[in-house]
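Here's the structure, in structure tokens; my notes come after.
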């Protein structure tokens, strides 16, 4: 089931036709392991990961259609999607809520 939100009530969601786009923060793997020492001084290995912002794309039937990772110098808060699939993302500078930053993000950044 897919929830459809009007743009005013869900600024991090947008729709084009019956497709839905959502701003998300998620984790991704770097492709290597790191070694950590626990409080008990035991050494363990785990996958190295990072955090990034994404725009997730879902088809009208709820099927996941992909995601675009974006590395922007601000905290994304609003999303618009153009008919060609490009995004207009706006947000605030870190630590400043009154300064809005817009950015056009092309869809060729597929993740």
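The values are calculated or read from the model by the stated rules, or taken from the named source; none is laboratory data. Only a predicted model underlies this, so the values are computations on that prediction, with no experimental measurement involved. Please note: Cβ atoms are built from the backbone with ideal geometry, for glycine as well, and neighbour counts cover all protein chains shown.
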Determine which member of the set 26, 85 is under 17 Å from the mean Cα position of the chain (by Cα), in contact (Cβ under 8 Å) with a residue 12 or more places away in the chain, in a loop (DSSP other than H, G, I, E, B) and surrounded by 13 or more Cβ atoms within 10 Å (Cβ to Cβ).
85
For the stretch 66-81, which residues satisfy the criterion of being surrounded by 12 or more Cβ atoms within 10 Å (Cβ to Cβ) and without any contact (Cβ under 8 Å) to a residue 60 or more places away in the chain?
66, 67, 68, 69, 70, 72, 74, 75
How many of the residues making up the stretch 63-82 are modelled with pLDDT under 85 and over 14 Å from the mean Cα position of the chain (by Cα)?
1
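For every residue, the table says whether it meets (1) surrounded by 12 or more Cβ atoms within 10 Å (Cβ to Cβ); (2) in contact with a helix residue (DSSP H, G or I) (Cβ under 9 Å, 6 or more places away or on another chain); (3) at pLDDT below 85.
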| site | (1), (2), (3) |
| --- | --- |
| 1 | no, no, yes |
| 4 | no, no, yes |
| 46 | no, no, no |
| 52 | yes, no, no |
Could you please let me know if residue 27 is at pLDDT below 90 and under 15 Å from residue 81 (Cβ atoms)?
no
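With the condition kept exactly as written, say whether any residue in the stretch 54-61 is at pLDDT below 85 and out of contact with any helix residue (DSSP H, G or I) (no Cβ under 7 Å at 6 or more places or on another chain).
The answer is yes; a qualifying residue exists.
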